[in-house]
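First up is the structure itself, then whatever we jot down about it.
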Amino acid sequence: FGEGIAVLAGDALLTQAFEIAALSPSWPRYTHKDLVLEIARASGSLQLIAGQVADLEAEGKRISTAQLKYIHERKTSALLCCSVRLGGMSANCTPAQLKALTDFGYNVGLAFQIIDDILDVTQTSEQLGKTAGKDTKAQKATYPSLIGLEKSRKIATQLTNRAFDALKTFRGQATALEALAQYLLQRNK
């Protein structure tokens, strides 16, 4: 549908997130204000937008792994972290549980992006269901381009293991999140 429609779809989904948060039940621990702030911060100028700007500015340049991590922390990791935090807040989780969910989301978000970068260079467009090699063509900095495929896979596995560790506080009650983390690590699309 093109870039313009993609931007508008993103805008519509973000706006819908605020609508859903405003309509959700409020809890003694987490108010509507807390939910709305969570979305605003994750999608705002210090997280998603900052990461996207840094990503665009890095195109065609050689950047450090620290700079690449900064980009991924603010884009993919911030959004996945926000998603799991909102789920926990909607379930009225304790502060300790929210911290665990934050750690889980952070690590899964980074692992997801690294795996996405790996798939972009190892799979065909048919396998991915989207255009393969877009990152290379756009001269985007990726973990595989900076540190290689094997080291990228190792880091993604380490991050996923940290995500699993974060869920130990739930004592087996977070199996859906564990399955999600495992699926994201092993996915081939």
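The values are calculated or read from the model by the stated rules, or taken from the named source; none is laboratory data. Nothing here was measured: the structure is a model prediction, and the numbers come from that model. The area values use the complete protein model at the heavy-atom level, side chains included, leaving out ligands, DNA and RNA. Shrake-Rupley method; radii C 1.70, N 1.55, O 1.52, S 1.80 Å.
Some notes on this structure:
- Centre separation in Å (Cα based) which lies between the stretch 135-165 and the stretch 9-69: 22 Å
- Carbon plus sulfur fraction of accessible area for the chain, probe 1.4 Å, in percent: 59 percent
- Dividing the convex hull volume of the alpha-carbon atoms in the chain by its residue count gives 124 Å³ per residue.
- The stretch 6-110: projected area of the alpha-carbon convex hull, averaged over directions, in nm²: 7.1 nm²
- Hydrophobic, long helices, defined as DSSP H runs whose alpha-carbon span along the helix axis is 27 Å or greater and whose mean Kyte-Doolittle value is at least -0.5, occur in the chain at 3-23, 95-122.
- For E59, solvent-accessible area (1.4 Å; no DNA, RNA or ligand), Å²: 70 Å²
- Accessible area per residue was computed with a 1.4 Å probe on protein heavy atoms; Y106 scores about 70 Å².
- Based on Cα contacts under 8 Å between residues 6+ apart, the chain shows a relative contact order of 20 percent.
- The residues of the chain expose on average 58 square angstrom of accessible surface per residue, using a 1.4 Å probe on protein heavy atoms.
- The Stokes-Einstein estimate for the stretch 129-189, based on a Kirkwood radius over Cα pairs and taken at 4 °C with 1.567 mPa s viscosity, is a diffusion coefficient of 96 µm²/s.
- Ordered by solvent-accessible area of protein heavy atoms (1.4 Å probe), largest first, the residues I115, I147, I49 come out as I49, I147, I115.
- Geometric descriptor of the stretch 79-189, per residue, is 101 Å³ (volume of the convex hull of the Cα atoms).
- By the helix-only formula, in which each DSSP H run with n ≥ 4 contributes -39500 (n - 2.57) and the sum is divided by residues, the chain has a 222 nm mean residue ellipticity of -22500 deg cm²/dmol.
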